[in-house]
Amino acid sequence: MLRNETIDSFIVNDSEMYAKNIIPLHECAFFSNHVYQDTFPLLPGWSILYSIEDATGYKGNIYVKDLLTETAKVVIAHRGTVPTNTGDMLNNIDYVLGKVPSQCSSMFYYIGQEGFRKLDIIYDEDPTFPKNYDHTTPYTEDNPKLKYISYVSTGHSLGGLLSDCFTALTDCTFQSVTFENPGSKLLARNVLTEMLRLPENLIAERLNKMRSICQAYQAGVNAINTCQEQAGRTFRFQKLDYQYTLNSLGLMAFPPSHTFASDFTFLVGYTLDQHSMEKISVYVNQGRSVVEISNPVGIHEGYIQYVNPQNKDYWDGYLEKMWSSPSVLAEAMRLKYADEKEFITHGYQLITLVYEELLKHRGYTAEISRDYSLCEVVNKPVNEKMFYPELCLFNSWQFKTDKQVIKDFVLVDKKTFEDESQSRCTII
């Protein structure tokens with residue numbers, strides 16, 4: 001269901017969201033961006049109470065406003081991945097492998113203990129607030145000071161995962177508002193199991209709480225924001241902006257590959273463009289509407305949504321960019337079509353074919369094969385205009401066996417795979 005309100009009115013008017021907190025989304029987006037380099041000016045009235053960056057690559061800031069008042073606000077922002085930071089990259093690998101990243105422990109200690117101890121000191125010095133609580137657990141709901149403070153944990157990408165984990169570790173006291181979250185449900189479970197050693201019934205209870213207090217705001221479906229299942233509710237911005245980048249040949253790879261693993265436009269250019277926190281900040285500041293979605297789980301499922309020909313805003317721009325390219329190859333392509341409309345119509349036909357193939361093989365097991373004898377390139381039909389540059393533009397495949405061969409990949413059903421020798425293949 002599409003929300004027609006702007007982002008801020010959406011949050012304020014939704015009783016199920018921000019039930020505990022009144023910190024608007026644009027502030028969460030600002031701090032998720034600010035924690036990356038915290039050199040540009042803060043929002044009026046805000047200051048940094050605590051900042052930490054350790055050897056694991058973890059970087060977190062505690063931002064505060066109007067302390068010692070009934071409108072006090074605290075935002076905990078966790079930095080996402082910095083590509084040049086070895087610690088960040090190693091933590092991302094741990095996440096992909098299903099391990100608990102070391103930054104989770106750093107976050108829990110530095111923010112949950114050291115950071116909040118600074119907050120306690122400020123409130124301890126004020127005689128209007130009670131002192132009968134344990135300083136080492138400032139985040140428990142038994143602490144009456146929480147009634148005077150609106151808390152939100154936030155972050156982008158890896159920072160979004162850490163934000164959700166912080167919420168899980170603190171018994172869901174803090175609402176988590178994240179951007180381009182790769183999917184935190186499995187990680188949250190592993191954190192509760194390995195770090196807190198909770199029994200299964202308490203883990204299930206916390207994960208259930210996270211479904212309502214964790215919110216992930218996503219741009220276009222991409223290879224990062226579909227890695228795993230989300231712990232909470234997911235919302236997608238509408239009317240997205242796309243950066244279409246021509247390659248050295250002055251073209252873009254087309255049609256989409258039959259597997260995400262060989263579609264570098266999707267994996268690299270498109271994903272990095274859509275995953276940008278700067279772009280998310282623009283969407284929020286412009287008040288673009290969002291729609292609550294069921295986020296695809298797994299990069300393959302995300303790729304299916306990416307290829308979907310109903311994704312017209314993206315594909316219209318993609319095909320128009322190809323048509324208008326000034327390159328020599330694009331000029332040769334234009335000679336093969338009567339006009340742009342015919343080119344776009346043919347383009348959508350090819351996109352639809354790939355999309356239908358992807359749907360057909362949902363749930364199949366993929367195994368790598370080098371047996372190219374199983375397939376052959378289709379000759380161009382007499383009544384169909386095709387173009388074969390180096391990038392295999394408008395290329396297609398025809399299968400000579402009952403197995404569906406997709407370039408380097410052979411898709412077989414599970415039973416066939418189990419019956420055959422596994423010595424020649426690697427599971428992905």
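The table for this structure:
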{"quantity": "Residue check, K341 closer than 23 Å to K360 by Cβ, out of contact with any Cys (no Cβ under 8 Å at 6 or more places or on another chain) and surrounded by fewer than 16 Cβ atoms within 10 Å (Cβ to Cβ)", "calculated": "no"}
{"quantity": "Number of positions in segment 170-193 that are at pLDDT 95 or above and more than 26 Å from H275 (Cα to Cα)", "calculated": "2"}
{"quantity": "Of all residues in segment 41-63 being among the hydroxyl-bearing types (S, T, Y) and surrounded by 17 or more Cβ atoms within 10 Å (Cβ to Cβ), the one that is farthest from G87 (Cα to Cα)", "calculated": "Y63"}
{"quantity": "Residue tally, condition assigned to a helix (DSSP H, G or I), surrounded by fewer than 20 Cβ atoms within 10 Å (Cβ to Cβ) and touching a residue at least 24 places away in the same chain (Cβ under 8 Å), over segment 206-235", "calculated": "3"}
{"quantity": "Complete set of residues in segment 281-326 that are in contact with a Gly (Cβ under 6 Å, 6 or more places away or on another chain) and over 20 Å from F260 (Cα atoms)", "calculated": "S325"}
{"quantity": "Subset of segment 64-113 that is loosely packed, with under 15 Cβ neighbours inside 10 Å and β-branched (V, I, T) - its residue that is farthest from T167 (Cα to Cα)", "calculated": "T84"}
{"quantity": "Every residue from segment 245-262 that is surrounded by fewer than 17 Cβ atoms within 10 Å (Cβ to Cβ) and either of a type in the set (S, T, Y) or touching a helix residue (DSSP H, G or I) at 6+ places or on another chain (Cβ under 8 Å) (or both)", "calculated": "T245, L246, S248, L249, G250, S262"}
{"quantity": "Restricting segment 156-205 to residues that are without any contact (Cβ under 8 Å) to a residue 24 or more places away in the chain and part of a loop (DSSP other than H, G, I, E, B), the residue that is surrounded by the fewest Cβ atoms within 10 Å (Cβ to Cβ)", "calculated": "R197"}
{"quantity": "Residue match in segment 251-263 (condition: at pLDDT below 95, acidic (D, E) and either in contact with a Ser or Thr (Cβ under 6 Å, 6 or more places away or on another chain) or farther than 25 Å from F30 by Cα (or both))", "calculated": "yes"}
{"quantity": "Subset of segment 27-40 [surrounded by fewer than 17 Cβ atoms within 10 Å (Cβ to Cβ) and either within 19 Å of T234 (Cβ to Cβ) or modelled with pLDDT of 95 or more (or both)]", "calculated": "none"}
{"quantity": "Any chance M322 is in contact (Cβ under 8 Å) with a residue 40 or more places away in the chain, within 28 Å of V82 (Cα to Cα) and over 16 Å from the mean Cα position of the chain (by Cα)", "calculated": "no"}
{"quantity": "Pair list, Cβ under 8 Å, 6 or more apart: segment 347-361 residue free of Cβ contacts under 8 Å to residues at least 24 places away in the same chain and under 15 Å from K312 (Cα atoms), other residue among the acidic types (D, E) and surrounded by 20 or more Cβ atoms within 10 Å (Cβ to Cβ)", "calculated": "none"}
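For every residue, the table says whether it meets (1) over 20 Å from Y217 (Cβ atoms); (2) over 30 Å from the mean Cα position of the chain (by Cα).
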| position | (1), (2) |
| --- | --- |
| I293 | no, no |
| G302 | no, no |
| V307 | yes, no |
| Y314 | no, no |
| A330 | yes, yes |
| A338 | yes, yes |
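The values are calculated or read from the model by the stated rules, or taken from the named source; none is laboratory data. As the structure is a computational prediction, the values presented were derived from the model and not from experiment. FYI the Cβ positions are ideal-geometry reconstructions off the backbone, even for glycines, and counts take in every protein chain you see.
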